[in-house]
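In what follows, a structure is listed as structure tokens, so that the remarks can point back to it.
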Amino acid sequence: MHIQLDDLQSTGVIELLQAHLADMYATSPPESVHALDIDALKHPSITFWCAKQHNVVLGCVAIKELNKAHGEIKSMRTAAAARNQGVATALLLHLLSEAKRRGYQQLSLETGSMDFFAPARRLYQRHGFEYCGPFADYQADPNSLFMTKVID
């Protein structure tokens, strides 16, 4: 598996992000869905990577620069066929390394409070993320949980 910058043009990446958005809208009320569509992921403040093996997209992740010291994890997703194979862990470790390289002091995320999101929350907790209050432009929402990690 290799992780590479991606321009959000390939069919595999587009299909993965469409599945991601479909799941978000199937599990959360529309006003609580904070996942970004493809156009929004192309914003200059966002860097997007995909994980591939043999040219098959296994997963993706993005980082949004909130400011020079704080980044936000966006669009973390593992393809259904690649789950429980370490893809999410590899993507998260890649992102943590990139956050450190950029000099961020903090990396944060928003995720759902429903059971559907429990595996993601466990992954983040295993890697030192702790629950926190809303950050950036987020507001308190019973359907959202917020997590953050101080970057050493």
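The values are calculated or read from the model by the stated rules, or taken from the named source; none is laboratory data. Keep in mind that what you see is a predicted model, and the values were worked out from it rather than measured. Virtual Cβ from ideal backbone geometry, glycine too; neighbours counted across all protein chains shown. Please note that ligands, DNA and RNA were not included when accessible areas were found on the heavy atoms of the full protein model with its side chains. Shrake-Rupley method; radii C 1.70, N 1.55, O 1.52, S 1.80 Å.
Roughly what % of DSSP beta bridges within the chain run antiparallel, to the nearest 5?
Beta bridges within the chain, antiparallel portion: roughly 90 percent.
Pick from 105, 85, 18 the residue whose mean-square fluctuation is largest in a GNM of the chain, springs joining Cα atoms under 10 Å.
Between 105, 85, 18, it is 85 that shows the largest mean-square fluctuation.
Residue 53 to residue 9: FRET efficiency via 1/(1 + (r/R0)^6), r the Cβ-Cβ distance, R0 22 Å, to the nearest 0.05?
Efficiency for this residue pair is about 0.70.
Please list 3J(HN,Hα) in residue order for region 48-63, calculated via the Karplus relation 6.51 cos²θ - 1.76 cosθ + 1.60 where θ = phi - 60°; whole Hz, with x for glycine and proline.
After applying 6.51 cos²θ - 1.76 cosθ + 1.60, I find 10, 10, 10, 9, 10, 9, 6, 6, 9, 6, 9, x, 8, 7, 9, 10 Hz.
Non-local amide H neighbours of residue 144 (under 5 Å, H modeled in plane, Pro and chain starts lacking H): which ones?
Amide H neighbours of residue 144: 113.
Given a cut-off of 20 Å, name the pairs among 42/149; 100/149; 42/74; 52/149 whose C-alpha atoms lie farther apart than that in the structure shown.
Numbers: 42/149 25 Å; 100/149 11 Å; 42/74 12 Å; 52/149 26 Å.
Exceeds cut-off: 42/149; 52/149.
Distance in nm between label sites at residue 45 and residue 127, each 7 Å beyond Cα in the beta-carbon direction?
2.1 nm
Please work out the FRET efficiency for the pair residue 102 and residue 26, using the Cβ-Cβ distance as r and a Förster radius of 41 Å; give the result to the nearest 0.05.
Calculated transfer efficiency: 0.75.
Sort 11, 111, 47 from largest to smallest accessible area, using a 1.4 Å probe on the heavy atoms of the protein chains.
Listed by decreasing accessible area, they come as 11, 47, 111.
Return the whole-Å distance between the Cα centroid of region 35-90 and the Cα centroid of region 103-150.
Using only Cα atoms to place each centre, the spacing works out to 15 Å.
Express the carbon and sulfur contribution to the solvent-accessible surface of the chain as a percent, rounded to the nearest whole number, probe 1.4 angstrom.
Carbon and sulfur: 51 percent of the exposed surface of the chain.
If you average the sequence gap of Cα pairs under 8 Å that are 6 or more apart and divide by the length of region 1-117, what percent do you get for the contact order?
That works out to 25 percent.
Which cross-chain or sequence-distant (5 or more) residues have an amide H under 5 Å from the amide H of residue 151, H modelled 1.01 Å from N in plane?
Sorted by chain and number, the residues that satisfy this are 106, 107.
With the Cα gyration tensor of region 1-71 giving a ≥ b ≥ c as the square roots of its eigenvalues, does the rule (a/c under 1.5 for rounded; else a/b larger than b/c for prolate; else oblate) give rounded, prolate or oblate?
Oblate is the answer for region 1-71, as a/c is 1.5 or above yet b/c matches or exceeds a/b.
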